[in-house]
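Structure first, then comments.
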Amino acid sequence: MVMEVDTPGTELAGQAGVRRGAHRRAASVLASSNYTAGASLSERLTAVARLIQIGSSRGGADGFSAEVIGDAEALLARAGERLRLSSHHTIAVLAGGTGSGKSSLFNVLAGAQFSPAGALRPVTRDPHACVWGMEGAGPLLDWLGIESRHRYARSSALDDGERALTGLLLVDLPDHDSVLAGDSAEVSRLVAQADLMVWVLDPQKYADAAVHSRFLVPMAGHSSVIAATLNQADLLTPEQAEEAVADLRRLLDAEGLHDARVVVTSATTGAGVPDLRKVLTDTVIERRAAVQRIGADVDALAVRFVPYAGEVSDVLARDSGDEDGQVTPTVPPASAEALTEALCRAAGVSGVGKALQSARELKAVDYVGWPVAWLADRMLRRDPVRKLRLATLWEELRGTAAGSIGAQQSEIDNAITMVADEAGRGLPPVWQASVRGAARSRTDEIPGALGAAIAQSLPAENSVAPWWRAVAAWQGLLLGVAAVCVAWVLAIVVVGVFHASAHASSLLSDVGLIPWVVLIAAAVLLLGWLTANGYMTVVAREADQERELVEEQMRAAIADVAQQKVLAPVEQELSEFARFRAELTVARAAI
Ligand SMILES: Nc1nc2c(ncn2[C@@H]2O[C@H](COP(=O)(O)OP(=O)(O)OP(=O)(O)O)[C@@H](O)[C@H]2O)c(=O)[nH]1
Ligand SMILES: [Mg+2]
């Protein structure tokens with residue numbers, strides 16, 4: 001039977017509350033498959049594989065339970081093998097306590113005394129199998145580990161009633177009591193490998209807590225792969241049998257096994273055996289038991305992943321978030337900004353900016369400054385100090401760029417911790433831990449990256465602006481004029497006092513010129529001072545603008561460092577979390 005797929009009006013398209021994304025993907029798989037439930041199952045198994053992949057790289061004390069991951073891997077392996085092996089066969093096991101009549105029923109169904117039954121307990125030590133339609137069953141029997149001498153076939157002489165059972169692989173198991181006595185591995189394995197579990201219960205022990213808690217309860221939700229037969233009914237009066245069945249039904253319902261079929265049989269008289277045969281026939285004809293069984297296992301397993309996905313209600317919330325009902329947590333912008341700020345502080349951005357500004361101003365003084373002032377500086381031996389200051393400033397700048405910010409490591413650490421805490425807020429502990437890990441994954445690279453960020457933003461050298469040179473020429477000219485004036489005055493004084501030359505030009509002998517010349521000199525020097533002051537203001541403003549610009553560039557480069565070294569790994573982890581939830585939703589969403 002092929003179910004119609006995702007067309008308006010079909011049950012699938014109309015189903016409310018199932019993820020649309022899952023629908024679409026499931027639909028595309030369904031469209032290419034003959035097995036409706038199988039296709040859905042394969043998508044769910046793929047999701048389980050992704051859950052394993054996500055979970056296994058996040059183990060450890062705070063991480064995913066190794067047991068859950070291991071069980072998931074075992075389930076995948078088992079499902080893969082079962083689906084790869086004959087899909088034409090349905091594996092049904094007869095399980096239950098010793099003496100309940102498993103072997104007797106097996107023989108009645110098989111129509112021959114294949115598996116010895118008896119009064120000595122326990123009788124059946126090895127599983128026996130009977131196959132209706134042997135073709136292709138060999139590998140399946142190998143997989144189940146049934147010994148050749150315990151394999152029987154009903155391939156010939158199938159009458160009409162038997163033909164309906166073609167494809168059945170019925171297994172008579174050892175009792176589950178010896179399971180509890182320690183010989184458990186084989187029965188547990190076979191119960192896990194079965195597509196349909198038929199629990200053979202006797203009137204005395206049908207409420208056996210061991211069977212219920214160990215085998216039945218974990219299958220709640222997929223009770224279609226479970227049937228129970230109350231055997232030895234010939235030992236009960238009809239009323240007693242009715243009462244026992246009602247009681248068993250109540251028990252199964254309380255365990256969530258509403259769909260588990262219950263029949264009443266007697267292997268001795270054959271009463272009820274046709275009902276049991278019908279349960280088997282229905283299952284075989286449907287050919288979905290294998291798929292349903294694995295689906296039940298995926299259900300049980302997926303629930304164990306839920307604690308790693310946060311609130312169950314969130315996982316199932318389909319009305320919020322994006323189209324697929326998934327919410328991808330993000331790093332709060334305020335935390336990202338705080339991180340950039342902290343990295344800027346750690347890298348000393350404002351210090352670098354100020355140093356650059358000072359270096360510029362100090363350098364400009366040589367060109368734009370008032371020559372008299374720096375002459376005075378030089379004479380007062382202040383100049384070397386300034387030069388030295390300039391050199392060290394530039395070295396400091398380059399030093400910062402080379403990444404010498406080790407002293408600020410704690411500030412970086414604190415900022416990263418804050419980002420990780422904010423980004424992981426409200427997430428399950430395993431993801432909080434992994435977000436923290438992701439945030440720290442590239443911490444070692446940060447100091448170097450900060451240095452590089454600063455280096456790339458800084459000008460290559462403490463260069464000289466062309467206009468500084470023009471001003472320097474102008475200042476030189478003014479200084480020259482002032483010097484000429486001083487020389488002139490000196491000349492007049494010399495000529496006047498020593499009458500050095502009677503023929504001296506009036507320009508050199510006219511004492512009356514001195515005040516004028518002094519005035520010119522003063523004016524020129526004043527002009528130089530004003531020029532220096534004016535242009536130094538311009539230099540200061542330009543240096544300030546450059547500082548702002550460079551700081552902005554440094555901030556941008558450092559924001560990039562924050563993004564690459566901290567935020568990107570965190571965002572990657574958050575999207576892994578979202579992916580985990582999406583995969584879990586698929587794993588849990590049976591069609
Ligand atoms: N009265 C009655 N006795 C039954 C019935 N089914 C089985 N017995 C008897 O119960 C005893 C045990 O039957 P088995 O079929 O060997 O039981 P089993 O569940 O296979 O037991 P183990 O192999 O030990 O796990 C045998 O003596 C059977 O004859 C039944 O429906 N009615
Ligand atoms: Mg037996």
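Which of the residues spanning segment 105-124 are of a type in the set (A, V, I, L, M, F, W, C), over 22 Å from residue 275 (Cβ atoms) and near ligand 1 (Cβ under 6 Å from one of its atoms)?
We begin by selecting, within segment 105-124, every residue of a type in the set (A, V, I, L, M, F, W, C); these are 105-106, 108-110, 112, 114, 117, 119-120, 123.
Those left that are additionally over 22 Å from residue 275 (Cβ atoms): 119-120, 123.
119, 123 - these are the residues of segment 105-124 that are of a type in the set (A, V, I, L, M, F, W, C), over 22 Å from residue 275 (Cβ atoms) and near ligand 1 (Cβ under 6 Å from one of its atoms).
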Item to check | Residue, modelled with the lowest pLDDT, within segment 294-311, restricted to residues that are under 21 Å from residue 435 (Cβ atoms) and open to solvent by 70 Å² or more (accessible area, probe 1.4 Å) | outcome: 311
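Considering only helices (runs of 4 or more DSSP H) fully contained in segment 326-406, which possess at least 1 residues that are at pLDDT 85 or above? Spell out how you get there, then give the answer.
Values: elements: 333-347, 349-368, 371-379, 383-401.
Because the criterion is at least 1 residues that are at pLDDT 85 or above, the helices (runs of 4 or more DSSP H) in segment 326-406 that meet it are 333-347, 349-368.
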Item to check | Residues satisfying the stated conditions in segment 181-222, i.e. among the polar types (S, T, N, Q) and either over 29 Å from residue 237 (Cβ atoms) or at pLDDT below 80 (or both) | outcome: 184, 188, 193, 213
Item to check | Residue that is modelled with the lowest pLDDT [pool: residues in segment 490-529 that are polar (S, T, N, Q) and open to solvent by less than 60 Å² (accessible area, probe 1.4 Å)] | outcome: 501
Next on the checklist: Among the residues of segment 257-266, are any out of contact with any strand residue (DSSP E or B) (no Cβ under 8 Å at 6 or more places or on another chain), open to solvent by less than 20 Å² (accessible area, probe 1.4 Å) and not in a helix (DSSP H, G or I)?
Outcome noted: yes
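Per-residue answers, yes or no, for (1) surrounded by fewer than 17 Cβ atoms within 10 Å (Cβ to Cβ); (2) within 16 Å of ligand 2 (Cβ to nearest atom); (3) under 41 Å from the mean Cα position of the chain (by Cα); (4) not hydroxyl-bearing (Ser, Thr, Tyr):
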residue	(1), (2), (3), (4)
213	yes, no, yes, no
223	no, no, yes, no
234	yes, no, no, yes
239	yes, no, no, yes
242	yes, no, no, yes
Item to check | Given (1) over 16 Å from residue 209 (Cα atoms); (2) within 16 Å of ligand 1 (Cβ to nearest atom), number of the condition residue 258 does not satisfy | outcome: (2)
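Determine which member of the set 91, 69 is more than 11 Å from ligand 2 (Cβ to nearest atom), touching a Ser or Thr at 6+ places or on another chain (Cβ under 7 Å) and at pLDDT 90 or above. Walk me through it before giving the result.
Values: 91 fails: touching a Ser or Thr at 6+ places or on another chain (Cβ under 7 Å).
So the residue among 91, 69 that is more than 11 Å from ligand 2 (Cβ to nearest atom), touching a Ser or Thr at 6+ places or on another chain (Cβ under 7 Å) and at pLDDT 90 or above is 69.
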Checklist entry - Which pairs do you get when a residue that is open to solvent by 40 Å² or more (accessible area, probe 1.4 Å), found in segment 194-210, comes within reach of a residue that is more than 13 Å from ligand 1 (Cβ to nearest atom) and of a type in the set (A, V, I, L, M), reach meaning Cβ atoms under 8 angstrom, with the pair 6+ apart or on two chains? => result 207/248; 207/251
Item to check | Selection count, segment 425-442, where residues are open to solvent by less than 20 Å² (accessible area, probe 1.4 Å) and closer than 26 Å to residue 557 by Cβ | outcome: 3
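Check whether at least one residue in segment 432-448 is outside any helix (DSSP H, G or I) and within 16 Å of residue 562 (Cα to Cα), and report yes or no.
Looking only at segment 432-448, we keep the residues that are outside any helix (DSSP H, G or I), and these are 441-442.
From what's left, within 16 Å of residue 562 (Cα to Cα): 441-442.
Scanning segment 432-448 turns up at least one residue that is outside any helix (DSSP H, G or I) and within 16 Å of residue 562 (Cα to Cα).
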Checklist outcome for this item: Listed by range, strands (runs of 3 or more DSSP E) wholly within segment 105-175 having at least 1 residues that are within 14 Å of ligand 2 (Cβ to nearest atom) and modelled with pLDDT of 90 or more are 128-131, 168-172
Checklist outcome for this item: Quick count over segment 87-104, residues being outside any helix (DSSP H, G or I) and within 16 Å of ligand 1 (Cβ to nearest atom), is 10
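Can you tell me which residue in segment 568-590 is farthest from the chain's Cα centre (by Cα), limited to those that are within 30 Å of residue 349 (Cβ to Cβ) and open to solvent by 10 Å² or more (accessible area, probe 1.4 Å)?
Taking segment 568-590 as the starting set, the residues that turn out to be within 30 Å of residue 349 (Cβ to Cβ) are 568-574.
Next, only the ones that are open to solvent by 10 Å² or more (accessible area, probe 1.4 Å) stay: 568-569, 571-573.
Working: 568: 12, 569: 9, 571: 8, 572: 6, 573: 4 Å.
Per the criteria, the residue is 568.
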Item to check | So residue 59, is it farther than 30 Å from residue 122 by Cα and outside any helix (DSSP H, G or I) | outcome: yes
Checklist entry - Do we find that residue 584 is farther than 30 Å from residue 292 by Cβ and part of a helix (DSSP H, G or I) in this structure? => result no
Item to check | Within segment 72-118, tally of residues that are open to solvent by 10 Å² or more (accessible area, probe 1.4 Å), among the β-branched types (Val, Ile, Thr) and within 20 Å of residue 298 (Cβ to Cβ) | outcome: 0
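For residue 482, are the conditions met, namely being over 19 Å from residue 363 (Cβ atoms) and not hydroxyl-bearing (Ser, Thr, Tyr)?
Details: over 19 Å from residue 363 (Cβ atoms): yes; not hydroxyl-bearing (Ser, Thr, Tyr): yes.
When the stated conditions are applied, residue 482 passes them.
The values are calculated or read from the model by the stated rules, or taken from the named source; none is laboratory data. Note that the structure is predicted; figures quoted are calculated from it, not measured. Glycine also receives a Cβ, built like all others from the backbone with ideal geometry; neighbour counts cover every protein chain displayed. All accessible areas refer to the heavy atoms of the entire protein, side chains included, with ligands and DNA or RNA removed. Shrake-Rupley method; radii C 1.70, N 1.55, O 1.52, S 1.80 Å.
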